[in-house]
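The next block holds one structure in the form of structure tokens; read it before the comments.
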Amino acid sequence: MSAETAAILDRAADVIERNGLHKGSFCVMGQDLPKALRNRACCARGAINLAANGSNPHSLSTIGEEAHTALCTYLDINGNVDQSVADWNDDEERTAADVIAALRGAAQAERERAS
């Protein structure tokens, strides 16, 4: 993990602050896809993907996977990584503020681990 991982987690939090939190899939879908994917509400995983690649919440990357693993570590989630974060994100009581705080907390933990 690295400072780049922390930066992606912070950018993912920015995505949710700007666009809102989505539950049930990586992002809100619409008839104008793929136009403006970066402006759609995202789940935690979709926001990480978007932060890692800049344009598509569905596109996986190595650095996005590292950021996702860092979030899992921060949340102390075990098991299937994708499904665990999806379940955590989609909990009906989970708020955008909760997800933003977790992403920022994971970013800070990454910065501390790197120093």
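The values are calculated or read from the model by the stated rules, or taken from the named source; none is laboratory data. Since this is a predicted model, take the numbers as computed values, not measurements. Here Cβ is always computed from backbone atoms with ideal geometry, including for glycine, and neighbour counts include all displayed protein chains.
In summary, helices (runs of 4 or more DSSP H) completely within the range 42-115 and bearing 1 or more residues that are modelled with pLDDT under 90 and surrounded by fewer than 17 Cβ atoms within 10 Å (Cβ to Cβ) occur at 81-90, 96-114.
Take Ile16 and decide whether it is crowded, with 18+ Cβ neighbours inside 10 Å and either outside any helix (DSSP H, G or I) or at pLDDT 95 or above (or both). Against the criterion (crowded, with 18+ Cβ neighbours inside 10 Å and either outside any helix (DSSP H, G or I) or at pLDDT 95 or above (or both)), Ile16 qualifies.
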